[in-house]
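Bear in mind that the values in this text are calculations on the coordinates, not laboratory data. Remember, predicted model here, so these are calculated numbers, not experimental data. Heads up, the Cβs are rebuilt from the backbone with ideal geometry, glycines too, and the neighbour counts pull from every protein chain shown.
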Amino acid sequence: MQRRHFLNRLPLLASIPLVYRSGISKEVNALEGIVDRMDHLDPEDEEYWLIVREAYDIPTDRIDFNNAGIGTPCLQVSNAFIEESKTLTQLPSKRNNQLRKIMLTCHEVLAELTQSPTNQIAMCRNATEALATAIFGIPLKAGDEVVVGRYDYPNIFYAWKQREKRDGIILKYADFGPSPKNPEVIAKAYLKHITKRTRAIQITDLINYNGCRVPTRDIISQLPPHVRYRIVDAAQSFANTIDHISEFGASHVGVSLHKWLGSPLGTGLLYVHEDFIRETWPLYASIPDNDGMIGKFEHLGTLNPAVYPGILAAIAFHQKISLKRKSKRLMHLGDYCVDQMKSVPNISIHSPRHNQLKSNLILFSHKHLTDSEVHSKLWKDQHIHVTTSEWFGVAGVRISPNIFTSMRDIESLGLALKNL
Ligand SMILES: Cc1ncc(COP(=O)(O)O)c(C=O)c1O
């Protein structure tokens, strides 16, 4: 009875082929009993999260605090990928054809996870590719205005700059500073640039530099109809704060699967609402029959199909924990990092702390050391891996814990910062 109840909460697992479900490692299967017993969503239940950690191959001699850079796949994902990479060395072209079926399953499972129809999602290699398809693919002419964020990711920021140079579009920048006080400040920063000539807007849902969450749905819901293209960069928010990307109300959404979902490297997703597929040019030309079909965005040449079983395994694992539980845990870890840092003299935190804006990505700096000195000292002295950021006044050291990060890891970081 309890088991049936559990499976009801995991409809996606049922749609994943048995071969990949039964391959779910014993560590991951061990979670099932625990998840069953946990009706409450307790982000502070360290015992449960230490079992989650067992599902990963985490080295004991170093601590990764740059999970927003590249996500760590769990053992189930890396095993599925490695196994498939081996199988692919025998009769690669035949196996590649067989893997098309798995790819179709990936589509179905991703469609369910994102609550998007299968005919509106295309698989690609990363969020950059997904968003470049949208940015270079929508029809814009000289003089059309586009509102973008000052803190958009560089690949995306410069893709728009290239379009500005080539096509004479006019870019307007929403600038809400490194540490906005509340969601209204951010919404205003975008909406104040909307004029009669605005044709497109692009919003980064979770900003990589300082971890600021943007009220994307709220902004999109206030746009007048002539702002036809509403592009969302959900590279950092997918599988961290949101799964249902179709709920943004966007025309196009770009997603990384290799960050918070923990899929193999080089996996991403492009969502295009059905009303926009025909008018969006693919980056790589496709056959004319495909004009109105989402598949035209997947004509990228030969890809590495060993990633597909890994994607299925990553989704199964993500669903097993559930977005709700994962988001709460990540937020709890982010808060704990801030608590630890607050007690360290000479450290200033730059990430927003408003409840609706904060996330598990935290930016800070040291009064007497440069960001790169903090970065290299943490690694040299303690083998703690962090990253640094500098972009239009948002500068500092960024940390981003993952669900396998323990409270002890964070305490070690706190201690290392005190000893700097
Ligand atoms: C906000 C944001 N957008 C886009 C990207 C690019 O993602 P990908 O590496 O999947 O192309 C990143 C990567 O860190 C990011 O943080």
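Pick out, in residue order, every one of the chymotrypsin sites (Phe, Trp or Tyr not before Pro) in region 209-306 that is DSSP loop and has at most 16 other C-beta atoms within 10 Å; say none if there are none.
Working: sites: 209, 229, 238, 248, 260, 271, 276, 284, 297; in loops: 209, 260, 284.
For chymotrypsin sites (Phe, Trp or Tyr not before Pro) across region 209-306 that sit outside H, G, I, E and B with at most 16 neighbouring Cβ atoms in 10 Å, the list reads 284.
At a 10 Å Cβ-Cβ cut-off, how would you order 61, 335, 409, fewest neighbours first?
Details: 61 5, 335 16, 409 21.
Least to most surrounded, the residues fall as 61, 335, 409.
Starting at the first residue of region 118-127, write each ³J(HN,Hα) from the Karplus equation 6.51 cos²θ - 1.76 cosθ + 1.60 with θ = phi - 60°, in whole Hz, x for Gly and Pro.
Once θ is set to phi - 60°, the couplings for region 118-127 become 4, 7, 10, 10, 10, 8, 8, 8, 5, 5 Hz.
How big is the charge dipole of region 170-277 about its Cα centre, in debye rounded to the nearest 20, if each Lys and Arg gets +1 on its Cβ and each Asp and Glu gets -1 on its Cβ?
Working: 12 positive and 9 negative charges, 105 e Å.
Magnitude of the dipole: close to 500 debye.
Ranked by Cβ crowding within 10 angstrom, fewest neighbours first, how are 49, 281 ordered? Numbers along the way, then the final one.
Details: 49 21, 281 15.
Ranking 49, 281 by Cβ neighbours within 10 Å, fewest first, gives 281, 49.
Of the GluC sites (Glu not before Pro) in region 266-327, which ones lie in a loop per DSSP and count no more than 15 other C-beta atoms within 10 Å? Please report the intermediate quantities before stating the final value.
Numbers: sites: 274, 279, 298; in loops: 279.
In loop regions of region 266-327 (DSSP not H, G, I, E or B), the sparsely surrounded GluC sites (Glu not before Pro) are 279.
Rank the residues 407, 123, 341 as a footprinting-exposure proxy: fewest other Cβ atoms within 10 Å of their Cβ go first. Let's see the in-between values first.
Values: 407 16, 123 22, 341 19.
Fewest-to-most Cβ neighbours within 10 Å comes out as 407, 341, 123.
Counting each DSSP H run of 4 or more residues in the chain as -39500 (n - 2.57), what helix-only mean residue ellipticity at 222 nm follows after dividing by all residues, to the nearest 500 deg cm²/dmol?
Values: 16 runs with 177 residues, N = 420.
After summing the helix terms and dividing by the residues of the chain, the value is -13000 deg cm²/dmol.
Would you please classify the overall shape of region 241-286 from the alpha carbon gyration tensor, given that a ≥ b ≥ c denote the square roots of the eigenvalues, rounded means a/c under 1.5, and beyond that prolate means a/b larger than b/c while oblate covers the rest?
Judged from the Cα gyration tensor, region 241-286 comes out oblate (a/c at least 1.5, b/c at or above a/b).
What translational diffusion coefficient, in µm²/s and rounded to a whole number, does the Stokes-Einstein relation yield for region 205-264 at 10 °C and a viscosity of 1.306 mPa s, taking the hydrodynamic radius as the Kirkwood radius over Cα pairs? Before the final figure, lay out the partial values.
Numbers: Rh = 12.1 Å.
Answer from the Stokes-Einstein relation: 132 µm²/s.
Using the Karplus curve 6.51 cos²θ - 1.76 cosθ + 1.60 with θ = phi - 60°, work out ³J(HN,Hα) for each residue of region 231-245 in order, rounded to whole Hz, and write x for Gly and Pro.
Result, ordered by residue: 9, 10, 8, 10, 4, 8, 8, 4, 6, 10, 10, 8, 10, 7, 5 Hz.
Could I have the simple spin-label model distance between residue 196 and residue 353, label points 7 Å from Cα toward Cβ, reported in nm to one decimal?
Here the answer is 4.6 nm between the modelled labels.
Quick check: convex hull of the Cα atoms in the chain, volume per residue, rounded to a whole Å³?
On the way: hull volume 61.6 nm³, N = 420.
In the chain, the Cα hull volume divided by residue count equals 147 Å³.
Residues with beta-carbon under 13 Å from that of residue 63, excluding residue 63: net charge, scoring Lys, Arg +1 and Asp, Glu -1?
Net charge around residue 63: -2.
Distances over 16 Å make up what percent of all Cα-Cα pairs in region 265-328? Please report the intermediate quantities before stating the final value.
Numbers: 1226 of 2016 pairs.
The answer is 61 percent, as a whole percent.
When DSSP assigns beta bridges and you keep just the ones with both residues in the chain, what percent turn out antiparallel, to the nearest 5? Kindly include the intermediate steps, with their values, before the conclusion.
Numbers: 21 of 41 bridges.
Bridges in the chain are about 50 percent antiparallel.
So what is log10(I(q)/I(0)) for region 207-346 at q = 0.09, 0.12, 0.16 1/Å, when the Debye sum runs over its Cα atoms only?
Debye intensities relative to I(0), on a log10 scale: -0.37, -0.63, -1.01.
Could you work out the mean projected area of the convex hull around the alpha carbons of region 280-420, in square nanometres to one decimal?
Details: hull surface 50.9 nm².
Projected over every direction and averaged, the Cα hull of region 280-420 covers 12.7 nm².
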